[in-house]
Every structure is written in C-alpha cells, then in structure tokens.
C-alpha cells in the first residue's frame, strides 16, 4: 500500500511539473535555447570553413577573397558603433561576434535555411550576423561609404544579436525588429519610413501573433513606433529591464507589466 501511494504521489508530482512547464513554456526556452543556438551556429559556420578571416577589435569577419575590401569596411563600421550600441543596451558580448559575408544570394538563403524570395540585405541567425555583400547591391562604388552608412544592415543585425543574447531567444518578432530599427534611429539617424495605412488597423495582437502575415513595411514601422513610444515616454532603460525579465523566462505580457508598470495594450500606439 505504501509503495502504491508513493508511486501515486510521484506520478501526481510529475504531472504537476509537466503542467507547470506547459504553462511556462518560456522557462524551457530560455533554459535550452543557448545550447540549441550554439549547435545551429556551428552548422552555419561550417559553411565558411574555406572563407578568409578578418579579426577586428570586436568582430570576426568571414568572407570570400573578392570581398576583402567590403569585409574591412563592414568591420570598421561595426567597430565604430560597437560601444554606442552596447552602452545603449548595457550589454557587451563575452566573445567577438561573427559576421559572414556572402557573395551570392543562393548561398545566403541556403545556409540560413530561408525560403527563396526577396533576399534581405542582412539577417541575424543563431548567433551570427549574415550580410549580403555590398558588391551585389551597391553599384556606385564612389559613394559606398555614404550609401552603406544609410542602407547597410550591420548595425541592425548586431542589435538583434544583443536582444537575442539578453532574452535567451525569448522575444516576439515585433519587439526585436522594433528595437533593431530604433537602434539604427538612435545611432545613425535612420528612420523606417511611415506608410499611409491607418495605425488603428494594426493591433498589438496582430504584431504578436501574425507579424509575418502583415505587410512587412507596415509591420516594421508599427514595431518601431511602439518601441519609440515606450522609450520616449518611459525611458529606454525600461525596455532594457523588459529584455532582462524576458531572459528570466517570463512572457511578454508579464515582462511588460513588471518593467513598464503598465499594460502594453494601453500604449497610445494601439489606441
């Protein structure tokens, strides 16, 4: 009888534990995500075994020989803004961050396992910053510096890397995109253009649950506006606190309530 009772207690505790984990999926995510991310990072880096390597003060740039000039330029750009961005987030990566420059769109999409379509100029993925070579999309070499300062994505992707590290991967898409765009806005004055769509047509639930189904120009702009509103009215340190709370395994609603002291639905952006 005692053995049977003991087994029942163990079974009940196991079921309770599973229920708790299901209800707090974020805890599982922040616990295992760094391990999974590192495994996938090793796979992505395997592709670059034969690439050239350039080490700057804070970054390791992997590139093919014909992109040597661009590797140096991108490395200089990232080092130039490194402390400004890290100070903004009060977070400094423990190791040098890896940047991979691709000289063709097919390899870029294949290595990151992206679907074919509109190839982005850059993408953060599993601890790596991936850049499509400026040689492909900047034709005016005389104005390379000027064009890349405005349109290059290296700073944007580095911001994603910091957000991912701090939250251990526990973040919604609208938040990381809004933060990356806001970082560009603060650091180099680039602002994602606004669109004619009435903001009231995009709700918080839209951004939270179907970000990729919304017109991306609108989704990115709306995300930027939400982050900017929080920073302007409450201070960017509140956003930093929210990232830390997310990294502890809390969902976005709880993290916002604790860090912002308000319901995120109450933001003017969603009036």
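The values are calculated or read from the model by the stated rules, or taken from the named source; none is laboratory data. Computed from a prediction, not measured in an experiment: that's the story for all the values here. Ideal geometry is used to build each Cβ from the backbone, glycine not excepted, and the neighbour counts take in all protein chains shown.
So here's what we get for this one:
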item: Residues satisfying the stated conditions in the range 94-118, i.e. closer than 15 Å to residue 44 by Cα and in a loop (DSSP other than H, G, I, E, B); result: 113, 114
item: Within the range 242-271, tally of residues that are at pLDDT 90 or above, buried (at least 18 other Cβ atoms within 10 Å of the Cβ) and more than 14 Å from residue 170 (Cα to Cα); result: 1
item: Number of positions in the range 40-68 that are in a helix (DSSP H, G or I) and either closer than 18 Å to residue 93 by Cβ or at pLDDT below 90 (or both); result: 5
item: Any hit, the range 137-154, residues being surrounded by 13 or more Cβ atoms within 10 Å (Cβ to Cβ), without any contact (Cβ under 8 Å) to a residue 40 or more places away in the chain and assigned to a helix (DSSP H, G or I); result: yes
item: Failed condition for residue 171, given (1) without any contact (Cβ under 8 Å) to a residue 60 or more places away in the chain; (2) crowded, with 20+ Cβ neighbours inside 10 Å; (3) in a loop (DSSP other than H, G, I, E, B); result: (1)
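One line per residue, one yes/no per condition, for (1) without any contact (Cβ under 8 Å) to a residue 40 or more places away in the chain; (2) more than 21 Å from residue 86 (Cα to Cα); (3) surrounded by 21 or more Cβ atoms within 10 Å (Cβ to Cβ):
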residue	(1), (2), (3)
158	no, no, yes
167	no, no, yes
187	no, no, no
206	yes, yes, no
212	yes, yes, no
217	yes, yes, no
230	yes, no, yes
240	no, no, no
